[in-house]
Ligand SMILES: NC(=O)c1ccc[n+]([C@@H]2O[C@H](COP(=O)([O-])OP(=O)(O)OC[C@H]3O[C@@H](n4cnc5c(N)ncnc54)[C@H](OP(=O)(O)O)[C@@H]3O)[C@@H](O)[C@H]2O)c1
């Protein structure tokens, strides 16, 4: 089974060390985020797990410290569906952390039933895009002071099926859970593109990526038959360790130092959709996000 999986894997590896570096990883108590945390810890980084469920987060801290041999791992409360929680998290990081070299915007929800965040945003665009947009904004000064630094946002190939509904980004008129997920993942790609432009010359670079089709809890909202199909497709999918590799590549690969704003898959540059390269759309999304969050970010 593993041999079949390996046929589809990129053999990237790197011995880059991250001593004296600090990383924040959202949604790091499970799945791709947890495996990313284990890897960055093994490289010597101080790792902050930014999680909404502190019980799960504490258990992950223990597991990560044990498997990496690095006990410089902590967890902090972050609920990306609530701007108050995001502001409290960022305030604590800005106050207590002298540097932040890696921000990994990893947390995500997929095809959930219609719901709204505390700020009234549709849940998928709210958590996957708006939450990370605000988080990045609030940590920006610290990240810039810590340059060289990287901001890695976990998107998905599902972004290719998406469009940004600027007139109804919260799907209030019509909700299609697949379209809403694809919209949020396209927003991740466009955000990274716009962010990179704004960060030119600062020593901070930005990347978005597709991790692969990975066996994680993300599929919790799929229907019974869909879950069954995903189980049957297991030999052609990645486990969480494999699923974390492109995130880790974007976070540490030295050759990416001079690149910014791009999209990656299987530990290599990849083509995003035409919409994902639309700078006008990216700018409109940026302005709309600022307006919805009541922030000014030129
Ligand atoms: N798995 C795949 O096939 C696949 C494919 C393409 C892209 N991705 C992307 O990969 C990323 C990681 O997903 P995964 O597969 O590792 O899924 P996962 O195992 O479900 O992990 C998602 C993480 O996000 C956290 N999260 C959800 N809502 C949150 C909120 N409001 N505030 C803070 N954290 C929140 C979850 O916390 P709880 O544990 O408390 O729920 C969990 O820690 C996501 O952005 C996803 O879109 C995954």
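Any read-out appearing in this document is the output of simple, stated calculations on the displayed coordinates, not a laboratory observation. Computed from a predicted structure; not experimentally measured. Note that each Cβ is placed from the backbone with ideal geometry, even for glycine, and that neighbours are counted across all protein chains shown.
Miscellaneous remarks
- Residues 36, 205, 237, 247 arranged by fewest to most Cβ contacts within 10 Å: 237, 205, 247, 36
- More than 35 Å apart - percent of Cα-Cα pairs taken over the chain: 11
- Across region 36-125, C-alpha contacts under 8 Å between residues 6 or more apart give a mean separation that, scaled by the residue count, equals a relative contact order of 23 percent.
- Cα centroid of region 249-270 to Cα centroid of region 157-197, whole Å: 22
- Taking the centroid of alpha carbons for each part, region 275-298 and region 58-115 are 24 Å apart.
- DSSP bridge orientation in region 153-298 - percent antiparallel, rounded to nearest 5: 25
- Going from the fewest other Cβ atoms within 10 Å to the most, the residues 177, 231 appear in the order 231, 177.
- Normalised by the number of residues in region 95-229, the mean separation of alpha-carbon contacts (under 8 Å, six or more apart) gives a relative contact order of 32 percent.
- Within region 149-298, the proportion of C-alpha pairs whose separation exceeds 28 Å stands at 24%.
- Modelled label reach - residue 145, point 7 Å along Cα→Cβ, region 93-134 residues with backbone N closer than 17 Å: 93-103
- Shape summary of region 49-204, radius of gyration then Dmax from alpha carbon positions: 16.3, 51 Å.
- Residue order, fewest to most surrounding Cβ atoms within 10 angstrom, among 241, 169: 241, 169
- For region 112-212, the orientation-averaged shadow of the C-alpha convex hull comes to 6.8 nm² (one quarter of the hull surface).
- Kirkwood hydrodynamic radius over Cα pairs of region 1-115, then Stokes diffusion coefficient at 4 °C and 1.567 mPa s, in µm²/s: 86
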